[in-house]
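Right, one structure below, let's go through it.
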């Protein structure tokens, strides 16, 4: 009987969703959490705020306590001023010759080439995605990387559509800079970002040919959102007026060349609509006075001041943060006890992001037992978190092609599970974050669940090789890091505590033990095998015995539904 047959016969499937339509899931709110600080709370905080919870990180933050842990994750303590990571480099010289960037050098800031024989954008796009994946894999003890992914699903662009490599890099750079910054200023800067101007046709928006794409998404997807009935509270005339405010912005890349501005946007007063812009009753009939010349750029500030005067902005963003970090369903109790007071915190702090997250992550609601182990890991969290939690070693920069190639294998695995970093399916982002009523359950289907199992099974066996680099989950080396691997019961409990967010049955524990014992009944059957290996790790026979059992042990654990939860 294989492990999947055992699962279907001996263990009922985990219920991933419950019907809370008539009762509140929980009455807890944003009062400070005052409960215990154990491995359970530590693991919960880390799995929600980082990509996976490595054993070293769990032990580190367990010793730090809740308050210091939250402060450090929000970069309030133990973090120097933010410094952006080094940019991606030309790792693709083994595939094509880039006339504008030599092998091993950073390509951002240089033009793409497309002369009919050399097309560098596709190689640079993959380089960018691999590099971005590496930032997640190598993240510091900070929330920033998780927020970069969040904002990429909020201020959506699609790399395939933008098709200018430096634009997509500068877009990612902007997400990093403002990931924990001021949301209002963030909205302004994303409005003027070259990638966004290209993606939503802002660079084509002129007084004589207004384009409403960005004016619409600015309100519907980026700030105001829709009301409880799914309708926008603003009007079509508001969309048109916003589009007119935004006329005149341009990008400096023309026919494969760059101006002195270096891939930045700029304002062309000759393309701007200088007439007054009238808004609806929703915006209190605000009129933005039309301006001419370079001073017309201030109309954008007037537009954002008008939008941010509406409470809907704070409520909309707090709901999105809640669904990302806590749970996908927001019932009436959660709206009243969590969302509304968080939105008040957001407004009272002039739309600074950190104060909102600080209150949320210290709250009794966040640590409520009903909010632990209730989210399905998104594919990026699943693939990247696996590597971090099981200490997967990647090639170093001496093998640049292999290093980027292995980062890309992780990215590609998540893409196969329907989350390709940098390329959400549409301007609304990845469907599981907004599609009612299933939300995150959409991540798991007959196509993606087998791919999750295939990824972890393969990583626990022979791994992935790309351009001379190999990554795999070294089951023996990882087990050596555990507290007392010689005792199979202790080993099982520690692995469950680190990698599962919910408790499991004794039947499952017994089956895991039977794997380590190869069907024997005495615990010494594992202890002796492990001790023999530790006493002589160069002995191939000893090594293969424990490796075979551990591969089956970890593969079984990772194929179960509990491992899909965060």
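What the table below lists for this structure:
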{"item": "Span from the segment 48-76 Cα centroid across to the segment 177-234 one, whole angstrom", "result": "34 Å"}
{"item": "Spread of Cα-to-Cα distances over 5 Å intervals beginning at zero, given as percent, for segment 477-564", "result": "3, 14, 28, 26, 17, 8, 3, 1"}
{"item": "Relative intensity, log₁₀ I(q)/I(0), of segment 393-509 from a Debye sum that treats every alpha carbon as a point, q = 0.20, 0.21 Å⁻¹", "result": "-1.16, -1.18"}
{"item": "Three semi-axes of the equivalent ellipsoid, segment 326-481, Cα gyration tensor, whole Å, largest first", "result": "35, 18, 17"}
{"item": "Relative contact order of segment 420-566, pairs being alpha-carbon contacts under 8 Å that are 6 or more residues apart, as %", "result": "22 percent"}
{"item": "Taking segment 169-294 and dividing mean pair separation by its residue count, relative contact order in percent (alpha carbons under 8 Å, at least six apart)", "result": "22 percent"}
{"item": "Normalised per residue, the volume of the convex hull around the Cα set of segment 438-500 (Å³)", "result": "134 Å³"}
{"item": "Debye intensity ratio in log₁₀ form over the Cα atoms of segment 82-210, taken at each q of 0.18 Å⁻¹", "result": "-1.02"}
{"item": "Mean separation of Cα contacts under 8 Å, 6 or more apart, over the residue count of the chain: relative contact order %", "result": "18 percent"}
{"item": "Alpha-carbon Rg with Dmax, taken over segment 27-125, Å", "result": "22.1, 64"}
{"item": "Packing-based order for 29-37, 425-433, using average beta carbon neighbours within 10 Å, highest first", "result": "425-433, 29-37"}
{"item": "Cα centroid separation, segment 130-158 to segment 411-435 (Å)", "result": "13 Å"}
{"item": "Segment 333-353 and segment 445-481: distance between their alpha carbon centers, rounded to Å", "result": "41 Å"}
{"item": "Area projected by the alpha carbon convex hull of segment 182-295, averaged over all directions, nm²", "result": "8.1 nm²"}
{"item": "Over segment 333-375, volume per residue of the alpha carbon convex hull, in Å³", "result": "75 Å³"}
{"item": "Packing rank of 499-511, 146-158, where each peptide gets the mean count of other beta carbons within 10 Å, highest leading", "result": "146-158, 499-511"}
{"item": "25 °C / 0.890 mPa s Stokes-Einstein diffusion coefficient of the chain, Kirkwood radius on C-alpha pairs, µm²/s", "result": "96 µm²/s"}
{"item": "Reduced Cα scattering model of segment 345-416, Debye log10 I(q)/I(0), q = 0.18, 0.28 Å⁻¹", "result": "-0.85, -1.17"}
{"item": "Share of alpha-carbon pairs per 5 Å distance bin for segment 62-113, given as whole %", "result": "4, 17, 17, 10, 7, 7, 9, 11, 10, 6, 2"}
{"item": "Per-residue [θ]222 nm for the chain (sum of -39500 (n - 2.57) over DSSP H runs n ≥ 4, rounded to 500)", "result": "-13500 deg cm²/dmol"}
{"item": "Rg in Å to one decimal, and Dmax rounded to a whole Å, for segment 260-384 via C-alpha atoms", "result": "20.1, 59"}
{"item": "Segments 279-287, 459-467, 360-368 sorted - mean Cβ within 10 Å per residue, highest first", "result": "360-368, 459-467, 279-287"}
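Every number in this text was worked out from the coordinates using simple rules, so none of it is lab data. Just so it is clear, the model here is predicted, and its values are computed rather than measured. Positions of Cβ are generated from backbone atoms using ideal geometry, with glycine treated the same way; all protein chains shown enter the neighbour counts.
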